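Single-structure report; data block below.
The values are calculated or read from the model by the stated rules, or taken from the named source; none is laboratory data. All figures in this text were calculated on a predicted structure; none of them were measured in a lab. Note that each Cβ is placed from the backbone with ideal geometry, even for glycine, and that neighbours are counted across all protein chains shown. SASA here: full protein model, heavy atoms, side chains in, ligands and nucleic acids out. Shrake-Rupley method; radii C 1.70, N 1.55, O 1.52, S 1.80 Å.
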Amino acid sequence: MDLAAELERRHRNVRAAMEAHELDALIVAGSEYTGFEGAVTYMSGFQIVHRYAYVVLPADGDASVVFPAEARYVGEHGTTALEQVFHPRPGEHMAEQARAEGWRRVGVFGLDYIMAVRDYQSLDGLELVPFDVEFDLARAVKSEAELESVRDSVRINQRGFEIWHEHYAPGKTAAEVMAAAEEWFVAEGCGRLTMNMVLTGTDGFARPEFKIARSDEVLSGLVLPSLEVAGPGMHWVEVSRAVCGADVEPSDDTKRMMEAYTEYFEAAREVMHAGASCHEVHMAVSRGFHERGYHLGHVTGHSIGMTMIEFPKVGEGVEIELQENMVLSMHPHAIAENGVDCLYMQDTWLVTPTGGVPLADLAMEIWVEKAS
């Protein structure tokens, strides 16, 4: 990837959104919390290894990266060509810059979840504009260079699921099986950019709660691995399927949910085209679940990129239109009326002019334990 050209494109798109909302500058926050560091990388090329950072993008002028002073050696600072500032309190520096430049209206990505409280307090007196949705929409359409990174992440994730499936057997622990997949993810360059969980149960059903894979949890029956990784290019993807033991008969609710999953998959191919609204996609892919009396316990889908969950979300009432080369994660979280039986599988989709294209090629079915 030509990072300089890619950053120029990204800054240009973001500045267009800033102009539409009459911003003098934008502060993009990122932290080492898994999935929250990506916006800084997107805007600068720098990956946060520890602590947190901000990219400051003026409407007119050069961008910079602002770090807390203790973060001077907690990342590869040579990976960004932007000016780097180290300050004991980054908010104070950004406030001083705003006063010097005469900024009044400043957008912030990460105001609700990411920006440090002490930095927010230092910006008192500026008109701070929450800018999460606007920033995400400005970066939602992927360039060809980004799509290459996305496809590489999908390759890694898909093979990771296959490894998970190969190692699964009733009687093994959740951590034991997940460790085999994690070894592959780390070897392929994901580093710590993985957020992998399991939904487990007994016999032929899995419960809807997401859990960390533990060494004291013995697997039996149906298991739903939730696999989310970002490859070396730092684009997150999600790919997984349900897995059950060879001697396990899925519950009746699980079978009916699987029917709805098959319908969702075909509906997504049709409806996930440029010009369709997120509401239309949600209604089309959730219809089979609702008609069977199931509700969805997690967001149906969402844009995904260098931050794990980005806008727009795929949900009821979201009228944002899809555009070609958007990438969406889809994972209907189907839950039975009894609140126990659940089915949850993940795919990463590409929006095209004619419909959705799943970027992995795993069969949409419940995968059975491999014979030993």
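Sparse packing (at most 11 other Cβ atoms within 10 Å of the Cβ) combined with a DSSP loop state is found for the following chymotrypsin sites (Phe, Trp or Tyr not before Pro) in the range 42-123: 73, 113. On full extension, the segment bounded by residue 89 and residue 2 gains 28.1 nm, given 0.36 nm per residue less the C-alpha separation. The Stokes-Einstein estimate for the range 40-143, based on a Kirkwood radius over Cα pairs and taken at 10 °C with 1.306 mPa s viscosity, is a diffusion coefficient of 111 µm²/s.
Close amide H partners of residue 206, meaning residues 5 or more places away or on another chain with modelled amide H under 5 Å apart, are 342.
Considering all different alpha carbon pairs of the chain, the Kirkwood hydrodynamic radius works out to 21.6 Å. Kirkwood radius for the range 303-372, taken over all pairs of different Cα atoms as the inverse mean of 1/r, rounds to 14.5 Å. Straight-line cross-link partners of residue 142 among the lysines, defined as a Cα under 24 Å from its Cα and at least 8 positions apart when in the same chain: 313. Once you reduce the range 255-315 and the range 164-238 to the center of their Cα atoms, the two points are 23 Å from each other.
Using a 1.4 Å probe on the protein chains only, how many percent of the accessible area of the chain belongs to carbon and sulfur?
Answer for the chain: carbon and sulfur cover 49 percent of the accessible area.
Charged side chains reduced to their Cβ positions (Lys and Arg at +1, Asp and Glu at -1) give the chain a dipole of some 420 debye around its Cα centre.
Each label point was placed 7 Å from the Cα along the Cα-to-Cβ direction; for residue 100 and residue 113 their separation is 3.3 nm.
Summarising the label geometry, the points placed 7 Å from Cα in the beta-carbon direction at residue 187 and residue 34 lie 2.1 nm from one another.
What full-extension length gain, to one decimal in nm, is calculated for residue 324 and residue 214 as 0.36 nm per residue of separation minus the Cα-Cα distance?
35.6 nm
Counting only heavy atoms of the protein chains, get the accessible area per residue of the chain (1.4 Å probe) and round it to a whole Å² value.
41
Kirkwood's formula applied to the C-alpha pairs of the range 158-218 gives a hydrodynamic radius of 12.2 angstrom. Here r is the Cβ-Cβ distance between residue 203 and residue 354 and R0 is 30 Å; the resulting FRET efficiency, rounded to 0.05, is 0.10. Taking 22 Å as the straight-line reach from the Cα of residue 370, the lysines in range (excluding those fewer than 8 positions away in the same chain) are 172, 255. The modelled label-to-label distance between residue 19 and residue 249, using points 7 Å beyond Cα along the C-beta direction, is 6.6 nm. Using a cutoff of 8 angstrom between alpha carbon atoms and counting only pairs six or more residues apart, the relative contact order for the range 278-322 works out to 51 percent.
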